[in-house]
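Asker: Got a structure here, written out as structure tokens. Questions coming.
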Amino acid sequence: MAQKVNVWYDPEADFLEVQFSDAPGYMRETDHDAVMERVDEQGQVLGFSILGISRHAKERPFAAELTAQIL
């Protein structure tokens, strides 16, 4: 079964956001300074965001660990 993923990029703010779900949630820090994960009340990952994405273009792969289970 295919799952819808929403991706937004704001070039002016240099901000990328990926959402796996539209469910209510909140943002919390990860082990990478530029990455935030969006989670629900149970800790399931609903999405993530990367600030200053163009600065990290040389990191191959760009790695950050999301601590919760992805929906």
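What follows is calculated from the coordinates using simple rules that are stated; it is not laboratory data. Keep in mind it's a predicted model, so treat the numbers as computed, not measured. Every residue, glycine as well, gets a Cβ built from its backbone with ideal geometry; the counts of neighbours run over all protein chains shown.
Asker: Hey, could you check segment 28-55 for residues that are more than 13 Å from the chain's Cα centre (by Cα) and of a type in the set (G, A, S) and say which is farthest from L66 (Cα to Cα)?
Answerer: S54
Asker: Can you report the number of residues in segment 20-34 which are assigned to a strand (DSSP E or B) and in contact with a Ser or Thr (Cβ under 9 Å, 6 or more places away or on another chain)? Can you show your working first?
Answerer: If we filter segment 20-34 for residues that are assigned to a strand (DSSP E or B), which is where we start, we get 26-29.
Among the residues that remain, those that are also in contact with a Ser or Thr (Cβ under 9 Å, 6 or more places away or on another chain) are: 27-28.
Residues meeting the conditions: 2.
Asker: Something else now. Go through segment 31-55 and give me each residue that's polar (S, T, N, Q) and surrounded by 15 or more Cβ atoms within 10 Å (Cβ to Cβ).
Answerer: Answer for segment 31-55, where residues must be polar (S, T, N, Q) and surrounded by 15 or more Cβ atoms within 10 Å (Cβ to Cβ): Q44, S49.
Asker: Ok, one more. Inside segment 1-27, can you point out the residues that are within 16 Å of L66 (Cα to Cα), within 10 Å of the chain's Cα centre (by Cα) and of a type outside the set (F, W, Y)?
Answerer: Taking segment 1-27 and keeping what is within 16 Å of L66 (Cα to Cα), we get 16-21, 25-27.
Checking the rest, the ones that are also within 10 Å of the chain's Cα centre (by Cα) come to 16-20, 27.
Scanning segment 1-27 gives L16, E17, V18, Q19, M27.
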